[in-house]
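Inspection log for the structure reproduced underneath, given as structure tokens.
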């Protein structure tokens, strides 16, 4: 085994030979949108993302389904599964089966298996002092979802959230691996700040990001300023505050955004400073948007910490 639960890695990696390793991960969650097909697409993209974050190439997937069939019926379940299959086809991943159970609340995701070269794995623990931090999607899905539930989100804001959640991290991962990046995670439930803390602690480094450099989804800051903050964001801020210092000059709503739990967020890539511009240019050339340089690794620190300025 190359990686497992230590370091809070995104997926497990098991070495099969000197030039081949197996990547395995599983993820599923409850709906955050009303449209069942969109839910299926977002859940599938989110599940695949853990393999992409490790530098892996997903090959096969199995559906993981919990569903109240008597209450919601087959048509809704079919739409969820069709949405997931659409994303798998886009990713070039074969659906080979799955498992379902009857439950009171819908849940959907994938168990994913892929391959990676043992020497090209990207991990949480791969950051080094001087590395630059590149983010490949805007953040704010949790806040916008909260606004949608309250009937306070614009159609444009809701559409931006859906588009982001259903966008694969495939191209971003492939570009990062091609340039030899060794540090990466996907930004999901712990929010940008939480996942950065995990990387800082695993790498034993002090990390600094510029809050204003972090791209936000259309309408996210406005919703945050209205107090539409999901409970998960408050939980993230409370838990990760032991390792995080937020500068007093950071606006409250932007600080809240840093802890907003994401669904199918972008990749957060750590790469050598002399390769950062090349990475950004190649990501944009592959259609990855937005791409932003949001911070850097300052120095070694035994416990690991995050500064948001």
Note down the relative contact order for the range 124-308 as a percent, whole number, built from C-alpha pairs under 8 angstrom at least six residues apart. 47
Both in Å, the radius of gyration and Dmax of the C-alpha trace of the range 44-198 are 17.2, 56
Could you check which residue among 103, 131, 260 shows the biggest mean-square fluctuation in a GNM of the chain with a 10 Å Cα cutoff? 103
Area projected by the alpha carbon convex hull of the chain, averaged over all directions, nm²: 15.3
So what is log10(I(q)/I(0)) for the range 161-201 at q = 0.30 1/Å, when the Debye sum runs over its Cα atoms only? -1.01
So for the range 27-92, Kirkwood radius off the Cα pairs, Stokes-Einstein at 37 °C and 0.692 mPa s: how many µm² s⁻¹? 267
So, how do all the Cα-to-Cα distances of the range 117-162 break down into 10 Å bins, in percent, from 0 on up? 21, 30, 19, 24, 7
Checking a compactness column here: for the range 217-267, what do you get for Rg(Cα) / (2.2 N^0.38 Å), N being the number of residues? 1.13
Can you give the percent of C-alpha pairs in the range 124-308 whose distance is more than 22 Å? 41
Evaluate E = 1/(1 + (r/R0)^6) for residue 289 and residue 238, where r is the Cβ-Cβ distance and R0 equals 22 Å; express this FRET efficiency to the nearest 0.05. 0.10
Taking neighbour Cβ counts within 10 Å as the exposure measure, how do 70, 37 sort from fewest upward? 70, 37
The range 1-120: equivalent-ellipsoid semi-axes (sqrt of 5 x gyration tensor eigenvalues, Cα, Å): 29, 13, 11
Can you tell me which of 26-35, 139-148, 203-212 comes out highest on packing, and rank the rest after it, using the mean Cβ neighbours within 10 Å? 139-148, 203-212, 26-35
What percent does the relative contact order of the range 90-185 come to when contacts are Cα pairs within less than 8 Å and at least six residues apart? 48
So, relative contact order of the chain in percent, Cα under 8 Å, 6 or more apart, is 25
Using helices alone, what [θ] at 222 nm do you get for the chain, with -39,500 (n - 2.57) per DSSP H run of 4 or more residues, divided over all residues and rounded to the nearest 500? -11500 deg cm²/dmol
Along principal axes, largest first, the alpha-carbon spread of the range 244-309 in whole Å comes out as 36, 29, 22
Alpha carbon centroid spacing (whole Å) that separates the range 170-243 from the range 21-72: 20
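Coordinate-derived values only; no laboratory data. Just so it is clear, the model here is predicted, and its values are computed rather than measured. Every residue, glycine as well, gets a Cβ built from its backbone with ideal geometry; the counts of neighbours run over all protein chains shown.
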